[in-house]
Amino acid sequence: MARRRNSSAFEDIFGIAAMLPWWVGSILALLAYVILHRYASADVPTNVPPGQIGEMVVGQMTKTLAFYGQFIFPLLLLAGAVASFLGRRKREGLVRDVAGDKSGENLRALNWSDFELLVGEAFRMRGFSVTEAGGGGPDGGIDLELRKGSEVFLVQCKQWRAYKVSVSVVREL
């Protein structure tokens, strides 16, 4: 069973943006900048009665966090959008290369991670919603989660250069 790795909030935001279509990540980056800029440029009253100093401090902290966040979050989201765009192009290129090679040599030359991307893209082309859940290694468990309607299918990719997959491997899945 694959272990979940610990990640920071920044890695999580980047990862989410990379999973979304590139244009959604770009729109989210713009929205994040607009919303955070509104808070970063808001006036915080400095002359307050003694009983409201805590509210002033919270307001100033919010303004400071929004100031830095208005640059950091959109950059993370844009970087995720670029990763999404480049990943999409890579997947389309894999399909094009393998489909154009009648000898099958391009398919046999793929490494395990590109093979998983190719299988996922083939299912996307057939109308499935694909979540790539690869465990970070060649045998990390479930590689793809497919959804079509209310049905869910789990896929474990095996790229073997042999013609047959043994029964024990199928039982493992």
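Let me confirm something: among 84, 113, which residue is small (Gly, Ala, Ser), under 20 Å from residue 132 (Cβ atoms) and at pLDDT 90 or above? After ruling out the rest, the residue left standing is 84. Within the range 70-90, not a single residue is of a type in the set (Gly, Ala, Ser) and farther than 28 Å from residue 118 by Cα. Selection of the range 37-52 for residues being exposed (fewer than 10 other Cβ atoms within 10 Å of the Cβ), of a type outside the set (Ser, Thr, Tyr) and assigned to a loop (DSSP other than H, G, I, E, B) yields 43, 47, 49. The selection criterion, being assigned to a helix (DSSP H, G or I) and surrounded by 15 or more Cβ atoms within 10 Å (Cβ to Cβ), holds for residue 18. Residues considered: 132, 145, 116. Of these, the only one that is closer than 29 Å to residue 27 by Cα, touching a helix residue (DSSP H, G or I) at 6+ places or on another chain (Cβ under 8 Å) and surrounded by 14 or more Cβ atoms within 10 Å (Cβ to Cβ) is 132.
Looking only at the range 83-108, which residues are surrounded by fewer than 15 Cβ atoms within 10 Å (Cβ to Cβ), part of a helix (DSSP H, G or I) and not charged (D, E, K, R)? Scanning the range 83-108 gives 86, 93, 99, 100.
Taking residue 161 as the residue in question, decide whether it is modelled with pLDDT of 80 or more, of a type in the set (Lys, Arg) and either outside any helix (DSSP H, G or I) or surrounded by 12 or more Cβ atoms within 10 Å (Cβ to Cβ) (or both). Answer is no for this residue.
The residue of the range 164-173 that is modelled with the lowest pLDDT, among those that are within 22 Å of residue 117 (Cα to Cα) and surrounded by 10 or more Cβ atoms within 10 Å (Cβ to Cβ), is 173. Right, residue 63: surrounded by fewer than 16 Cβ atoms within 10 Å (Cβ to Cβ) and either more than 30 Å from residue 155 (Cα to Cα) or of a type outside the set (D, E, K, R) (or both) or not? Taking the combined requirement at face value, the residue satisfies it.
The values are calculated or read from the model by the stated rules, or taken from the named source; none is laboratory data. These numbers come from a predicted model, not from an experiment. Neighbour counts run over all protein chains shown; Cβ positions are idealised from the backbone, glycine included.
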